Amino acid sequence: MTDKRHKILLLDDDRDLLDLYKEILSQLPSRPEVCTSLTGSRAMAMLETEPFAMLVCDLNMPKMDGLQVLSIVRRKYPQLRTVVLTAVPDEQFRSRVYALGVDLYWQKPSSQAEIKMFVDCLESLLGRDEQQLFRGVQNKNLVDIIQLECISQNSTVLKITNGPFDGKIWIETGELVDAAAGELQGEAAFQKILSWKTGAFEYLAAEPGRERTIFKSYNALLLETVQAFDEAQGSSSSGDPAAAPNGNSPLETVTQMDGVEFAVKLESSGGKCESRGTENSAAVSAWAVQTLESFRGLGDQLRVGSLEQIEGVGPQRNVGLGGEGSAQFCVGWTTKLPAAEIRAAMKKILALCAS
């Protein structure tokens, strides 16, 4: 019995790029079958005769361009995953593409890191369950949508509709700025909107002058909101108020600090870890424990005394490590926070969590 392989149709009028991205898509973990087309008309003919799971297409093509192809595809094949891969960094194009109901708009990657992110997104789309998803712009849950906009450091307004209810979320250069739902505003509105499991949404033009009412990092607020829902459901299902988590973990306080994206309390290699704000806590914990041990060994060799903490800066986020004995922590920080401020904040965190 053989596993069913997804089929992807790749559309681009540049033969060299078509061959390159066919090779890239063939390396997806699910090992899809990748077919190619140089023209929109040929792609439409292939879609009519073969069961494809995803269409990845360019925008700028002669005769039948990508927007024309997508507008037809979204009507004729509403369950087909659709991805735009383009060299055009234009917000108007992006808005028009998402308005058609396309799943993902991606500027053609130019580095190995960008290629990996692109491949990960495609693999996620291929395996995405259609239950509890927001259709009309992307087949994702709302948390995915917000995270993608923030990670991409976009500026936009998300309008979300759930039956008779609607709300808006304002994002400015990758940061949550404001939210509104009925009479609610700020964090309360944001939490209300995230309680809607299904619906439709659209991208509106950014509003740079929007007054800020949300000051927490998007990761911290998303985590806080999701945990509140989980606790409420757990308490309701058990019928015992004491069954809900008491929220006394120091990590709850840490994730509410300005600039914090995630926090992990480390255990020895192979042990369990407590985390807030990250889904791959085991991998983060293993890396952090190994890093702390390596730097402590280096400190011993140089005879400079015991290691107190480590701060690292990177293009996507900064990180702080430190602690003694069983009280060891790894904290992710936004890149907008300089190393000096991270160093001071980490001292406060270690003092808090060790007490």
**Report entry** Cα-Cα pairs of the range 1-128 separated by more than 26 Å (percent)
**Finding:** 13 percent
Report summary line: Spelling it out for Thr82: with amide H atoms placed in the peptide plane at 1.01 Å from N, the residues 5 or more places away or on another chain with amide H under 5 Å from its amide H are Leu55, Asp103, Leu104
Requested in this report: Answer rounded, prolate or oblate for the range 1-50, using the Cα gyration tensor with square roots of eigenvalues a ≥ b ≥ c: rounded when a/c is under 1.5, else prolate when a/b is larger than b/c, else oblate.
Outcome: oblate
**Report entry** Given charges at beta-carbon only (K, R positive; D, E negative), |dipole| of the range 1-128 in Debye
**Finding:** 460 debye
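We did not get these values from a lab; they are worked out from the coordinates using the rules stated. Note that the coordinates shown come from a computational prediction; the quantities given were computed from them, not determined experimentally. Virtual Cβ from ideal backbone geometry, glycine too; neighbours counted across all protein chains shown.
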